[in-house]
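The values are calculated or read from the model by the stated rules, or taken from the named source; none is laboratory data. Here the structure is a predicted model, which means the values were calculated and not measured. No Cβ is skipped: glycine too gets one built from the backbone with ideal geometry, and neighbour counts run over all protein chains shown. For the accessible areas, the whole protein counts, side chains as well, though only heavy atoms, and no ligand, DNA or RNA atoms are used. Shrake-Rupley method; radii C 1.70, N 1.55, O 1.52, S 1.80 Å.
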Amino acid sequence: MITLASDFGSPYPAAMRGVLCSRSDARLVDVAHDFPRQDVRAAAFWLRELLPSFPAATHLAVVDPGVGTDRRPLAIEAGEHALVGPDNGLLMPAARELAGDAPLACYEIPVEDPESATFHGRDVFAPAAAAVHDDGLDALDYPEVEDPVDLSFPEPSVADGEARGEVLVVDGFGNAITNLDGALLAGRWGEYARVNGDRVPVARTYDAVDADERLLTVGSHGAVELAVNRGRGEEAFGVRPGSRVVLDRP
């Protein structure tokens, strides 16, 4: 299985699929191609959340503002999985999640005169993903990379009953997903908390409050969300990725 993810929208992913189909009989599965454009951190978050749902696979992911520059093309061995994409931190959070306790091994994909300096998804990464899937990284003998570009997410702080964090991403429904552990809301359903000074109900489900009412909940990713029942949380709370979030009791 080869999964595909990018910020390409349409129609560019079709070219990657075409290359993969011409080089491999692997089953192809699209994860998403509507990640926020050129937002490496947001895409890295979603890859970390989504890829562990898959069985062992080769994961091709391209969000690559540095395409055509001297940034390295990267292949990572992460437990039973392999990841292929640009060396800009995009792959690292998912690779750590997939590897578990196993060590990561990173390799530089050799590049020989790609057809385009602007479409390495087609010309570099798709051929590499097919080779990694069919032959395995051990057989390919790529040079090892000791210093891959890393990306990690900020850690929240909790002290004196107050938790301080930030919004990591906003999903398509407008839910503002924070780096605050959902355990902070455990046992508080039906109560209230203060978010950046505002008193907001804590609810297990979106529909536990009236339509257009704000709420705090725990998303499927296990983190605190700022949401609105049948509305957009980031607008109602006035936040965006990177915004500070202070959570405490009313």
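Nothing charged except the Cβ atoms of Lys and Arg (+1) and of Asp and Glu (-1): what's the magnitude of the dipole of region 1-69 about its Cα centre? Round to the nearest 20 debye.
Using only the charged Cβ atoms, the result is roughly 120 debye.
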Next item on the list: Name the residue farthest towards the positive end of the dipole of the chain from the options 193, 79, 129, assuming +1 on Cβ of Lys and Arg, -1 on Cβ of Asp and Glu, about the Cα centre.
Entry: 193
Next item on the list: Enumerate by residue number the GluC sites (Glu not before Pro) in region 112-198 meeting two conditions: DSSP loop (anything except H, G, I, E, B), and at most 13 other Cβ atoms within 10 Å of the site's Cβ.
Entry: 112, 115, 146, 191
Margin query: Quick check: the angle from helix 40-50's long axis to the longest principal axis of the chain, C-alpha only, nearest 10 degrees?
Written below: 90 degrees
Item checked: 222 nm mean residue ellipticity, helices alone, for the chain (DSSP H n ≥ 4; -39,500 (n - 2.57); rounded to 500) -> -5500 deg cm²/dmol
Checklist line | Rounded percent of accessible protein surface that carbon and sulfur make up, region 182-250, 1.4 Å probe | finding: 43 percent
Notebook entry, point to check: Which one of 43, 169, 55 is farthest out on the positive end of the charge dipole of region 42-200, using unit charges on Cβ (Lys, Arg +1; Asp, Glu -1) and the Cα centre as origin?
Noted result: 169
Note to self: Net charge around residue 168, counting only other residues with Cβ within less than 15 Å of its Cβ (Lys, Arg = +1; Asp, Glu = -1)?
What the structure shows: -4
Check: How many angstrom separate the Cα center of region 158-214 from the Cα center of region 1-49?
Finding: 31 Å
Margin query: Could you tell me the relative contact order of region 1-117? Use alpha-carbon pairs under 8 Å, at least six residues apart, and round to a whole percent.
Written below: 25 percent
Check: Which percent of the accessible heavy-atom area of region 1-157 goes to carbon and sulfur, probe 1.4 angstrom?
Finding: 45 percent
Item checked: Positive-pole candidate from 182, 90, 152, dipole of the chain, charges at beta carbon -> 182
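Assigning unit charges at the beta carbon (Lys, Arg +1; Asp, Glu -1) and nothing else, what dipole magnitude in debye, to the nearest 20, does region 124-168 show about its Cα centre? Please report the intermediate quantities before stating the final value.
Values: 1 positive and 12 negative charges, 52 e Å.
Rounded to the nearest 20 debye, it is 240 debye.
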Next item on the list: Normalising by the residue count of the chain, find the relative contact order in percent from Cα pairs under 8 Å and 6+ residues apart.
Entry: 15 percent
Check: Once phi is turned into ³J(HN,Hα) by the Karplus curve 6.51 cos²θ - 1.76 cosθ + 1.60 with θ = phi - 60°, what whole-Hz value does each residue of region 71-76 show in order, with x for glycine and proline?
Finding: 5, 7, x, 10, 10, 10
Next item on the list: Please give the per residue accessible area of region 92-231, computed with a probe of 1.4 Å over protein heavy atoms only, in Å².
Entry: 51 Å²
Check: What Kirkwood radius, in Å to one decimal, follows from the Cα pairs of the chain?
Finding: 19.4 Å
Notebook entry, point to check: Under 5 Å between amide H atoms, partner at least 5 residues away or on a different chain: which partners does residue 179 have, H built in plane at 1.01 Å?
Noted result: 166, 168
Checklist line | residue 247 - accessible surface, heavy atoms, 1.4 Å probe, Å² rounded to 10 | finding: 10 Å²
Next item on the list: Quote the charge dipole size of region 48-206 about the Cα centre in Debye, to the nearest 20; the model charges only the Cβ of Lys and Arg (+1) and of Asp and Glu (-1).
Entry: 1120 debye
Notebook entry, point to check: In sequence order, what are the phi-derived ³J(HN,Hα) couplings for region 185-199 according to the Karplus relation 6.51 cos²θ - 1.76 cosθ + 1.60 with θ = phi - 60°, rounded to whole Hz, with x for glycine and proline?
Noted result: 9, 4, x, 10, 4, x, 8, 10, 9, 9, 10, 6, x, 9, 7
Notebook entry, point to check: Within a Cβ distance under 13 Å of residue 207, other residues only, what is the Lys/Arg minus Asp/Glu net charge?
Noted result: -1
